[in-house]
Amino acid sequence: MTHPADPALLRALATATEKALLEAEIRLPTDVLAALRRAAAAEKNEVARQEFALILENIALAGERQVPICQDTGVPVVYLTLPPDVPFTPDLFAGIREGVRRATTAIPLRPNVVDPLTRENTGDNTGAGMPAVHVVFGDRLTVTVLPKGAGSENASRIGMLLPSQAADIPRFVAETMLIAGGKPCPPVFLGVGIGGTFDGAAALAKEALLLPVDTMDDYEQEICDAVNALGIGPMGLGGETTALAVKVKRRDCHTASLPVAVNVQCWACRRATVEVER
């Protein structure tokens, strides 16, 4: 038998969710902003330089005016970290949903959540299976939000490669961006999930977008270089920077398969974490 969560905890969870969305929608993380500024300073293509200038101006104005960075405020993807002393109950999801509803009105967020077939809009960014909530375990009770816009999400891709195709993974990622072109508002951040299962690889790819983007290992840099060699550039208008960073997460998989997923994120790699006050 499960016991209902403390109402005070649910209120605190809703408040933390609302705060995290407010932070994520209006201000970019410091590592993301630094990556944009580095790329802007290094860019030699004049059109691309102008696009970078517009992006950075957009970011500054959003902060000054306290409004969302992009008109597509996305759907909220939430990562709830639970410490050992907080029971995992369905009530926790209700607290998060309430925070999303509040944020939709207060920030405000564009109501993006609809029925997949009738396209009826729920009006508050909640609905069947929304927001998407992933539960992990840790030392502190925190809410991490990753607002995900449709332009980049629609360009994402998964493939069930053969084990013998491990060396083709960089090509698969680069091909994903070649197909996407300018649609996901490059320069992009790419989360890559390798291994696990069909659905697990997609989850890994999205989780990879939560990793710091100020460093890449040799493998991530190799993939990033392959993507940048495409020359798609900012907003698809050409330039040296198509991907600002590539982040990879891996899991073991079946001996006969090699799942690979690419979760595309536009230059507005929005994420924020807030600890729940108890």
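Farthest towards the positive end of the charge dipole of the range 6-127, among the residues Ile69, Ala42, Leu82, is the Cα of Ala42, using unit charges on the Cβ of Lys, Arg, Asp and Glu. Taking a quarter of the surface of the Cα convex hull of the range 64-115 gives a mean projected area of 5.2 nm². Evaluated over the chain, the count of Lys pairs having alpha-carbon atoms less than 19 Å apart is 8 (only pairs 8 or more residues apart or interchain). Helix 7-26 axis versus longest C-alpha principal axis of the chain: approximately 20°, rounded to the nearest ten. Heavy-atom accessible surface of the range 17-76, averaged per residue, reaches 50 Å², computed with a 1.4 Å probe. In the range 87-184, the portion of solvent-accessible area held by carbon and sulfur atoms comes to 57 percent [1.4 Å probe, whole percent, DNA, RNA and ligands not counted]. For the chain, the longest principal axis of the Cα atoms and the long axis of helix 30-42 meet at an angle of about 20 degrees. Three principal axis extents describe the C-alpha atoms of the chain; from largest down they are 56, 52, 41 Å. Just need log10 I(q)/I(0) for the range 232-278 at q = 0.13 Å⁻¹, Debye formula, equal scatterers on the alpha-carbon atoms, no solvent, rounded to two decimals. Here log10 of I(q) over I(0) equals -0.58.
Principal-axis analysis of the Cα atoms of the chain puts helix 218-228 at an angle of about 70° to the longest axis. Each peptide in 236-245, 102-111, 177-186 gets a packing score, the mean of other Cβ atoms within 10 Å over its residues, and the list from highest to lowest is 236-245, 177-186, 102-111.
Cysteine residues of the chain whose Cβ has no partner cysteine Cβ closer than 4.7 Å: Cys70, Cys224, Cys253, Cys269.
The values are calculated or read from the model by the stated rules, or taken from the named source; none is laboratory data. Computed from a prediction, not measured in an experiment: that's the story for all the values here. Cβ atoms come from the backbone with ideal geometry, glycine included; neighbour counts cover every protein chain shown. SASA here: full protein model, heavy atoms, side chains in, ligands and nucleic acids out. Shrake-Rupley method; radii C 1.70, N 1.55, O 1.52, S 1.80 Å.
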